[in-house]
Structure formats: structure tokens, C-alpha cells
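J.: There's a structure below that I have some questions on.
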Amino acid sequence: MTLITLCAAQFMVALDFSIVTVALPVIGQDLNFVSAGDLQWVMTAFILPTAGFLLLAGRASDLFGRRRLFLTGLVIITGFSLVAGLATAPWMLIVARAGQGIGSAMVGPTALALLTSSFPEGPRRNKALGLSGALLSLGFVLGTIGGGVITGGISWRWTMLLLVVMGAAVLVGALALLPRSENRSATTLDIPGALLATLGLLALVFAISVGGENGWTSTPTVLTVAAAIVLLVSFLLVEKRQPAPLAPLPVLNRRTVKWGGLTGFITFGMCGGTTVLLSLYMQDVLRWTPTTTGVGFLPEGIAAMVAGSLASRVIGRLGTTSTLITGLLVQGLSTAAMLALPVEGNLFLFIASTAGLGFGHVLAVVAFIGTMTSGMGEHEQGLGGGLAQTAQHVGSAVGVAILAAVVTARTEDLTAAGQQPALTALHAGFLVGAIVTLAGAVVAALFLRRPATRPVTADAPA
């Protein structure tokens, strides 16, 4: 029941991210947003605090108590979801979405930390991470489907009010099930490190989120990226001198954290970016409706659930690193297969490639989280959760921006040459997504391989 509660919380956070995507045009009309640039803040206002505060929230949970921070985050998400559902003006909805993002930054890493601290390393934790990873991916997919169905059938406001009901249910479960006593770190919070890390991540994600609209070489974008680099480098320099750093450099320099985090960054970034391109393929090339497009993501979601249920067995047979490599290979090759998607559509190829994307991605996610959190003590699980979730959210933002930029550049080139750009430009994005994902498999093979040991079987003790 504890596992179900924690996974339900992560499912809700994923749902919160994607459920308004299809509803954005209707929201813009209903609340009289002035422009598409203003409307994109409905998404950006959620993404910014979610990604920016993850590391701080994860470390704070180690210091002040994971249960306390988890419950606080749930209350914040639920309360601001109600405000969002009742919003009567653009500013009101944007503020509410920012509040949801802050709550999500608290819930995501603490839920992961509570999960990893509740299940010891080994088959039981792998099974728990498998279910968590599958529901996380399913939340994104069902958010897209549900957003379209709810908006078309009832009202966009119920995309937010549904989160109120879910938040209240998860909150009741958490109050009843999560242990009240837990070990906390005796150190104090590293305020300078917290400020620098949070501001640096906020600046980075902000630049990525608005770079496409402002132009990647525009002065605001370049200055914001430069500020992010300065802040994050300053964070690393400050951490060297802090007696109780927010993120100890020995932890950041661990092979499992450094290279495992990079593979997580890649799998989330390329899966997120490819999913956006698939949405464009279904709507702009195949001319599917938003609701049909949402249903089109079902193969990816179902395959994600299957991968989550099998992840523990695969890890038991192959080991964590080999499972990570396998997941990235399946994700990369499935993305490469999308290069064959035609203008008139090919249902078999579409289902096979999108299902392969979801299956490989969840295998990689479970193995990446297991890699990053392995060897961390009880007092570091919150930090591990924060680092893993930061790789997830920043990777998703960067991946979407990179593949969108590739498609935009290719579209401009083809249009200038008098050619039809839609499908060819999307193929260019799929190609980049496949290459980067396969490069992630190479990174895992080169830097995460350990001396050969007998793999742990699914029935072996942790």
C-alpha cells in the first residue's frame, strides 16, 4: 500500500505536466490570452519551479524529513490545482501552475527517496522502481489522452479539478501509511549552495523554454544561458568549501551518479522530444484529431507498463548496466525505425516503433534510477532522488528544445528550396533522437561497466 501511494503521487505529477497540453487552445480562448507566447506560460510556469527546486527539495527532505516535505508538497499541488480549476484570468492560472510546479518539486524526489529507502537494493527495489517508472510514463501518456477527452467532453477546468480529487486521495493514503519516524541528517542546509543551484537551474530551464520563441542566438537567450553557466559553476566552487554542502562533490563525482545521470538525461530528453515529434506527425501529417492523437499514444503507454512489470526480472538476469544499455538500444532503434513512417501512414510500423520507444525507455529509466541511487546511504536518498529527477526534467526540456530546433531548421531549409517540409523535417528530428540515444548506450557501455560478477537472480536476497 505504501508503494501504491508513492507511485500514485508520481503518476499525479506526470499527469499534471501533460494534461493541459491538448487543452491549451481552449484555455487561451476561454481566459482571453493575448498571444501564443503568453499561452505557453501555462506550461513554462509549471516546468520552471519543478526543475529549479528539485535538487533543493531532495536535499531538504534528508535534513527535515521526507514524510513532512512529501505531505507539504501534496497539499500545495492539491490547493493550487483547485485555484487553477477556478481561474478567471490568465495571471491567476499562471500563478496556480507555478504553485503546482513548486509542489511537484517537493513530491517527486521525496517520493523516490521514500521508495528507495523503503526497499533495499536488489530485486524488491527493482520491482518497485519498475512499477514507478511504468506509472510515470503512463501518467504522461494518459495526461495527453485524458486532457483531450476531458476538454472536448466536459471542460478544460476538469483537467485541474481531477488533480484535486487525486491529490486528496493520495494525501489520505500518505497520512495513514507513511512511517512517522525516520532518520534525518544532522547537518544544516547549505544556503549559498541552495541559492546558486536553484537560480542556475531556473535560468537554464527558462532559457531552454523560451529559446525557441525568442531565437537561440537572441540576446536574452544568450545572456540567460551565460547566467546559468556562471551560477552553476559558482555552485560547484562553493560546494568545494562548504563543510556540509547541498550536493557533496564526492557524490557528484561517483561514476554511478555522473554517468548514470547522463544516461538518464539522454533517455528522458530523447523520449520527450520524440514524443512531441510523434504528436506533430499524427496531427500535421496524418491529420488526426487531438483526441485520436491522444489515443495514438496508447501503444507507448501499454509497452511502458509491460516494461515496468518485467524490469526487475531483466535486471536480475542481465544486471543493471546491461539492462540500461538494452533499454537505450531498444529506444534508439525504435526511434530510428520512425524514419520509415510514410505520409499516408503505416499502422503496423507506427505501433511497433512507438511501443518499442515506450518499452526501451522504461527499461532505461528503471536501470538509470537504480544506478544513481545504488551505494547511497539512508541520509543521501533524498539527494539521490533530487539528482535523478533533475536529470529527468532538465533532460526533457533540453531534448524537446533540441529536436524542435532541428525540425524548425530543416523546415526552413526545405521551404526555401520549394519542397514540402512536414514529414522530411520530422524525419530529421527522429534521426537526431536515434543517434543521441544510441550514443547514450555507448556511454553506459564504456563508463558504467563493472568487473564481471554473478548477476543477482530475481529470487536472491537483496
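J.: Between Ile4 and Ala416, what's the calculated FRET efficiency when r is the beta-carbon distance and R0 is 45 Å? Round to 0.05.
T.: 0.25
J.: Would you report the distance distribution of C-alpha pairs in the stretch 91-218 as whole percents per 5 angstrom bin, up to the bin with the largest distance?
T.: 2, 7, 9, 16, 17, 17, 16, 9, 4, 2, 0
J.: Could you state the orientation-averaged shadow area of the convex hull built on the Cα atoms of the stretch 190-245, in nm² to one decimal?
T.: Values: hull surface 13.4 nm².
Mean orientational projected area (the stretch 190-245, Cα hull): 3.4 nm².
J.: Right, another one. When the chain is fully extended, how far beyond the present Cα-Cα distance does Leu252 get from Ile229, taking 0.36 nm per residue of separation?
T.: Roughly 6.6 nm would be gained on extension.
J.: Here is a further query. Between Ser374 and residues 5 or more places away or on another chain, which pairs have amide H atoms under 5 Å apart, with H built 1.01 Å from N, and which residues are they?
T.: none
J.: Along Cα→Cβ, 7 Å out, is where each label goes; now give me the distance between the ones at Thr289 and Thr188 in nm to one decimal.
T.: Calculated label separation equals 6.1 nm.
J.: Once phi is turned into θ = phi - 60°, what whole-Hz ³J(HN,Hα) does the Karplus curve with 6.51, -1.76 and 1.60 give for every residue of the stretch 55-62, x standing for Gly and Pro?
T.: 5, 4, 5, x, 6, 4, 5, 5
J.: A further question on this structure: Say R0 is 45 Å: what FRET efficiency, to the nearest 0.05, do Ser374 and Ala405 get from their beta-carbon distance?
T.: 0.85
J.: Just one of (1) 0.93; (2) 2.13; (3) 1.00 is Cα Rg over 2.2 N^0.38 Å as worked out from the coordinates here. Which one is it?
T.: Computing Cα Rg over 2.2 N^0.38 Å and matching it to (1) 0.93; (2) 2.13; (3) 1.00 gives (1).
J.: Charges at C-beta only: +1 for Lys and Arg, -1 for Asp and Glu. How large is the resulting dipole of the stretch 49-147 about its Cα centre, in Debye rounded to 20?
T.: 220
J.: Work out from phi, with θ = phi - 60° and the Karplus expression 6.51 cos²θ - 1.76 cosθ + 1.60, the ³J(HN,Hα) of each residue of the stretch 212-218, listed in order in whole Hz, and give x for Gly and Pro.
T.: Residue by residue, the stretch 212-218 yields x, 6, 7, x, 5, 9, 5 Hz.
J.: Could you derive backbone 3J(HN,Hα) for the stretch 3-17 from the dihedral phi with the Karplus parameters 6.51, -1.76 and 1.60 (θ = phi - 60°), listing whole Hz in sequence and x where the residue is Gly or Pro?
T.: Computed from phi, the couplings for the stretch 3-17 are 4, 4, 5, 5, 5, 5, 5, 5, 4, 5, 4, 5, 4, 4, 5 Hz.
J.: Another question, then. Which is the longest part of the chain that has none of the trypsin sites (Lys or Arg not before Pro) sitting in a DSSP loop with at most 14 other Cβ atoms within 10 Å?
T.: Free of exposed loop sites, the longest segment is 1-179.
J.: Pull up all non-local amide H partners of Thr21: gap of 5 or more, or a different chain, and H-to-H distance under 5 Å with H placed in the peptide plane.
T.: For Thr21, no residues qualify.
We did not get these values from a lab; they are worked out from the coordinates using the rules stated. Owing to the predicted nature of the structure, the values given are computational and were not obtained by experimental measurement. As a convention, Cβ positions derive from the backbone with ideal geometry for all residues, glycine included, and neighbour counts pool all protein chains shown.
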